[in-house]
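The values are calculated or read from the model by the stated rules, or taken from the named source; none is laboratory data. Everything numeric here is computed off the predicted structure, so don't read it as measured data. Methodologically, a virtual Cβ is constructed for each residue, glycine included, from the backbone with ideal geometry; neighbour enumeration extends over all protein chains shown. Quick note on the areas: whole protein, heavy atoms, side chains included, nothing else; ligands and nucleic acids left out. Shrake-Rupley method; radii C 1.70, N 1.55, O 1.52, S 1.80 Å.
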Amino acid sequence: MVQRALAAVVALGSLAGAQPTTPGARDAALPLEQEVRQGGAGLTTQPPPLVIGGIEFSREDDIGNMEKLSNLFGQVFYTMVLSPSDAAIEETWRSLSSDIWSLVEHAREVPSLALAVSMVLYNFFWWEGPHSLEPNALAGWSAAQLMHVSVRHARCADATLPHMEFFIQQCHLRWRYLLMLAGEVGRHLILQQRDVQSAARILRELQGYFDEMRRLPAAGLLHGALPHEVNFNADYYPAATARQGPVWQNPLQDLPVASFLEANYPTIRKELEGIIASEGAFEALDSETRNAETQFGPRGDDWLTAYMFRKGEAIEKVCARAPKTCALLATLPEIAECKMGGSGAGFLRMRPGGRLKPHFGNAPRLSVHLGLIVPDGEIRMSVGYSSVRWEEGKVIVFDDTYIHQVVHNGVEPRWIMNLWMCHPCDPVDGKAPGEKTPSYCDGPPGAMQQLGLHVLPQRQS
């Protein structure tokens, strides 16, 4: 893995001043289309391959470009995080960090690169650096601008685009990420940096993006009257999403699992305390069960996890350290019978000074947090237009497919039990035999059901 990652960096090379080119050519970038004349007849041919730094990209398939570029950056990023003391890898990452800005310039000229570079900026360069608590406003705003370019490239702003094609081209993702990126950068500039002039300019752009989206016939599929109301569960269960909002106000009444967790708080906390008392035990469980994350927080250990269930399957190494908690979770069909790719349950630790950047969770699902050890200090989570703080022994139920982020300015770690459960409005997944959906689910179908689309299977991690 290390050698492949380093080879990828070498392949990208020193991008400063590099030009998109065709293999073997030394001239400036060729036009997207060129006219070839043979015998006086004008014939249009396919444009030559797009090659940057020895890597070939598509001039049309921006989703394929995104996967390719994300894999290249991801290999170096994960290696760097796993081996932070390796000077060679740190130097490689610094080199790649400088290269991203050359790629930004290429993407401004070649729209098929815009989605790829936008998502790399968001995934790996949201923070000023690996240990900085300061968001990189320039990277975030550049990501927003390029996401708008990708919206146009994929015809997501075309009023004639059929609704099915709107989803196939992932327009519902592009528009929402565009609103998140612009909105969060603007909010950071005005609330944290007190840069009113720059924030006002970006927020005006945000309003323009939102107005442009709302004029589309497909905009009714996205829901939300304000940028921070956009979410992904509305694609599946719009009635419940509209009724409950980003943070559920009556969780003990509306969700049986909430009262179940609160009733079993003493047992769950005691087993967590047993793991914490064994030095290095929680960190070992994190390394065993955690998915590879992008630049989720500014430091690799801001957010550690010990999952007991994933996709309905118990994880024995963790359950051996918390057998009573696992036995409790096994009685919950929302977890033990939930097969969707983004489901799971386990302990989460947030270290003091930690951050989780603004992001969307996987749909369709619901998040449930049980506060286990919550120290004093500014420890909060914003979800959509709401803000919450954890309490020991109390449950927070929230829709993590809204934009959400976490700030921990306390002095001790925060510990919670996290459930990523099947959505209660799902009529099949995560249900006990004969169980019905709640009445708050009643209403018109979501876009996915209207169009006959289904949740894509998750890749194995």
Most to least accessible of I416, I373, I190 (protein chains only, probe 1.4 Å): I190, I373, I416
Mean accessible surface per residue for region 208-300, computed with a 1.4 Å probe while every protein chain stays in place, in Å²: 44
Surrounding net charge for A330, when Lys and Arg each add one and Asp and Glu each subtract one, Cβ distance under 13 Å: -3
Other-chain or far-sequence residues with amide H under 5 Å of V383's (modelled H): V388
For region 321-461: accessible area per residue (Å², 1.4 Å): 41
For region 236-274 and region 425-455, distance of Cα centres in Å: 19
Per residue, the convex hull volume that the Cα atoms of region 168-298 enclose (Å³): 194
Residue-count net charge about T401 - beta-carbon cut-off 12 Å; Lys, Arg +1, Asp, Glu -1: -2
Where region 100-174 is the region considered: accessible area per residue in Å², 1.4 Å probe: 35
Three semi-axes of the equivalent ellipsoid, region 344-460, Cα gyration tensor, whole Å, largest first: 30, 16, 13
Region 167-225, accessible surface, carbon-and-sulfur percent (1.4 angstrom probe): 50
Sulfur and carbon atoms: percent of accessible area, region 262-333 [1.4 Å]: 52
Accessible surface of region 343-461, 1.4 Å probe, proportion on carbon and sulfur as whole %: 51
Region 266-408: relative contact order in percent, alpha carbon pairs under 8 Å with at least 6 residues between: 23
